[in-house]
Amino acid sequence: MLLPIQIQAILYHLLMGWVYGLGFSFILTLNRHFRIRFFKGIMEILYHILFTLLMYYGLFCINGGITNIYLIAFFLLGMILYYRYYLAVFLSFFQKIIAIFRWIRKKFKVVKYKILGIIKVLIRRVNRRKGYDKKRKRTKAKRKQKEKTSD
């Protein structure tokens, strides 16, 4: 590899280590608020797959997809830099994003409960009408029987 390509690969690995740390800390913060363990696992697996694809696609564009040991060390250095110096800065931002998600989820729950309430009222009305119609049919049938017996 030529020197400019090596420098690009080193900076790319350093940056991708930082981005990996950022994304993974966001996924972990987000996973604390989910209740379904299966969804947590799927989310982490998909994150790792997508990140690996993104990283190696960029690396393929830079140097043909070659990763050496020292490049992995720069990737780890990027992660360490993020967790050491930037995690505290981004945690408050992540909490604000999660608060927005909670607010949206709360609004969806309110809408869902209102729709379910409307559906229950409509079902009760339909059931009452069916019952009323049955009663009406019974009374008509009784009247017809009385008319037949009286004739």
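Summary of values
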item: Test: residue in region 28-51 that is surrounded by 14 or more Cβ atoms within 10 Å (Cβ to Cβ) and under 30 Å from Leu2 (Cβ atoms); result: yes
item: Qualifying residue in region 9-16 (condition: surrounded by fewer than 16 Cβ atoms within 10 Å (Cβ to Cβ) and either over 25 Å from Gln95 (Cβ atoms) or in contact (Cβ under 8 Å) with a residue 40 or more places away in the chain (or both)); result: yes
item: Counted residues, region 62-88 - those being among the hydroxyl-bearing types (Ser, Thr, Tyr), over 16 Å from Ser25 (Cβ atoms) and open to solvent by less than 70 Å² (accessible area, probe 1.4 Å); result: 1
item: Verdict on Leu3 being surrounded by 14 or more Cβ atoms within 10 Å (Cβ to Cβ) and at pLDDT below 95; result: no
item: Boolean, Lys135 is at pLDDT 90 or above, open to solvent by 100 Å² or more (accessible area, probe 1.4 Å) and among the charged types (D, E, K, R); result: no
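The values are calculated or read from the model by the stated rules, or taken from the named source; none is laboratory data. No experiment lies behind these values; they were computed from the predicted model shown. Please note: Cβ atoms are built from the backbone with ideal geometry, for glycine as well, and neighbour counts cover all protein chains shown. Each accessible area value is taken on the protein alone, full model and side chains, heavy atoms only, with ligands, DNA and RNA left out. Shrake-Rupley method; radii C 1.70, N 1.55, O 1.52, S 1.80 Å.
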